[in-house]
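Below is one structure; the comments refer to it alone.
Every number in this text was worked out from the coordinates using simple rules, so none of it is lab data. Values in this document were obtained by computation on a predicted structure and should not be read as measured data. Glycine also receives a Cβ, built like all others from the backbone with ideal geometry; neighbour counts cover every protein chain displayed.
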Amino acid sequence: MTKNQSDRADYYFRAAAKIAQEVVFSLSRGDHDRVVRKTQEAVELFLKGKLLQEGIEPTKSHDLRDLAGLLNDYAVPVDLSELEFLSEERIPSFYGGADFIPDQEYEQSDSDRCIPVLKKFGLLS
């Protein structure tokens, strides 16, 4: 790992931790769309930081499954279905759709899927 990669990894870890705190705030307000969106963002930065720590330049992908797949030697204690949920909900939670308004569609059960993922990655205690 180069110094540049080390510095960037540290930045990604700091940013992921800050975003995880935004998740807690969003959860306290019942903003479940933002919980989903920000959880995906925090985990993405965490995975990219881990890739950099391994000396692997992360792709520009936002798909958590793709990023985790690059970490062949790094055991991430998270169920692939959790990464799948977050990857698939990234765009809808951000942009919505013709008949999908994020702040009207996401609910507590969606947030309940997110918090354990952040805990497993050490982004929340």
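Taking first residues from segment 23-37 that are buried (at least 20 other Cβ atoms within 10 Å of the Cβ) and partners that are outside any helix (DSSP H, G or I), the Cβ contacts under 6 Å between residues at least 6 apart in sequence or on separate chains come to His32/Tyr106; His32/Glu107; Asp33/Tyr106; Val36/Tyr106. Within segment 79-112, the set of residues being part of a helix (DSSP H, G or I) and free of Cβ contacts under 8 Å to residues at least 40 places away in the same chain comprises Leu80, Ser81, Glu82, Glu84, Phe85, Glu88, Ile91, Pro92, Tyr95, Gln104, Ser109, Asp112. Answer with yes or no whether Asp103 is more than 21 Å from Ser6 (Cβ to Cβ), exposed (fewer than 13 other Cβ atoms within 10 Å of the Cβ) and either more than 12 Å from the chain's Cα centre (by Cα) or of a type outside the set (Asp, Glu) (or both). Criteria met by Asp103.
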